[in-house]
Amino acid sequence: MTAATPIREIHVAVAVVIRDGKVLIARRPDHVHQGGLLEFPGGKVEAGESVQQALVRELAEETGLTVPETSLEPVIGIRHNYGDKQVFLDVWRTAEAQGTPEGREGQPIEWLAPSSLNDDDFPAANRPIIRALRLPSVLAITGPMASVEQGVARLVAGLKAKPQALVLLRAPELEPAVYRDLAQQALPLCRQAGAGVLVHGAPERFHETPGAAGVHLPWREAATLQTRPIGSEAWLGVSCHNAEQIAHAQRLGADYVTLGPVQATATHPGADAMGWTAFQSLVAAAAVPVYGLGGLADTDAGRARRDGGQGAAGIRFWWPEH
Ligand SMILES: Nc1nc2c([nH]c(=O)n2[C@H]2C[C@H](O)[C@@H](COP(=O)(O)OP(=O)(O)OP(=O)(O)O)O2)c(=O)[nH]1
């Protein structure tokens, strides 16, 4: 018997075309790999072609859209083994496609809101892409608070000065019962300000906070779990610091991870910063949206995205200290 030949990885250029807040979706023909499922337009990168050239070509061939190469921004890269095929989905977004799209290969196409995309309608490898499109590029984390009252006041002032889409309500200094009180007060205030709330700590914090958008597990909590502790309708985030932890978070079915410290931080002065180069290579190996964390401002979200990440997470850029 001969040893099994390793399957060659196929480099696939995947285009997220955005217009008026909606994204262009096609249906794969029944007879092809992963046939009958929905997909983002795209196809294999040909020999001698850059991924950007492949995206421009595939969009023209499949939809008739014209896309300036310079408008393409990286979203996420995903390695996935389908068993019969190993793919690297190299996902890029553009909001500058010109023309009216048509299914040039006979495939139905339509514009859909990212919030309406269902995992089960797409090939399995697409799950992190859908997460990446729904998650914001900035994850705002709450900072120090001496009491619930002070925490709520800082939250309201912080959101007023800098509106946020998603707030991670982190207050490890509070006892669980006090934290529950904070979460119950924070939830309606954040909703009013247009922000979703992720509770922080053990999965029980999520179960006792109806209306929370999800839960963020510190690494020490995630390390004790073998399966996803909450349903798929809420966000599951995990704090990670290296490749092994990211792999574990992926096995748990995390929707995103934070990775850091990217830079030296005042809150964790003893921790060694990994720097952007290590951040980039850890992100390249991850199949989950990754926020950079540690010494970053919201203005670092662009840098993190260029390195393949989801964006930047942090405290100091928005949390009022006084
Ligand atoms: N285009 C696209 N392909 C995807 C997505 N998700 C996903 O797993 N894939 C997989 C399915 C296929 O194995 C591979 C893309 O190959 P393809 O068959 O569409 O590529 P192509 O257009 O160059 O095909 P062909 O000319 O060789 O027939 O990537 C997605 O969202 N869009």
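Just so you know, all these numbers are worked out from the coordinates, no wet-lab data involved. Everything numeric in this text was worked out from a predicted model, so none of it was measured. All Cβ positions, even for glycine, are placed from backbone atoms using ideal geometry, and neighbour counts span all protein chains on display.
Remarks
- Assigned charges on the beta-carbon of Lys, Arg, Asp, Glu; region 48-124 dipole about Cα centre (debye): 180
- Dipole-positive endmost among 186, 136, 213 within the chain (Cβ charges, Cα centre): 186
- With a simple spin-label model that places each label point 7 Å from the Cα along the Cα-to-Cβ direction, the separation between residue 227 and residue 105 comes to 3.8 nm.
- Gap separating the Cα centres of region 249-322 and region 27-82, nearest whole Å: 28
- In terms of surrounding Cβ atoms within a 10 Å radius of their Cβ, 170, 316 rank from fewest to most as 316, 170.
- The simple Förster model, with R0 at 51 Å and r as the Cβ-Cβ distance, assigns residue 322 and residue 31 a FRET efficiency of 0.20.
- Taking every DSSP beta bridge that has both ends in the chain, the antiparallel portion is near 35%.
- Positive-end extreme of charge dipole, the chain - chosen from 77, 267, 256 (charges on Cβ): 267
- Protection proxy ranking of 25-33, 252-260, 282-290, 73-81 - average other beta-carbon atoms within 10 Å, highest first: 252-260, 282-290, 73-81, 25-33
- Dipole-positive endmost among 122, 92, 289 within the chain (Cβ charges, Cα centre): 289
- Each peptide among 61-69, 261-269, 101-109 gets the average number of other Cβ atoms lying within 10 Å of its residues, and from highest to lowest they stand as 61-69, 261-269, 101-109.
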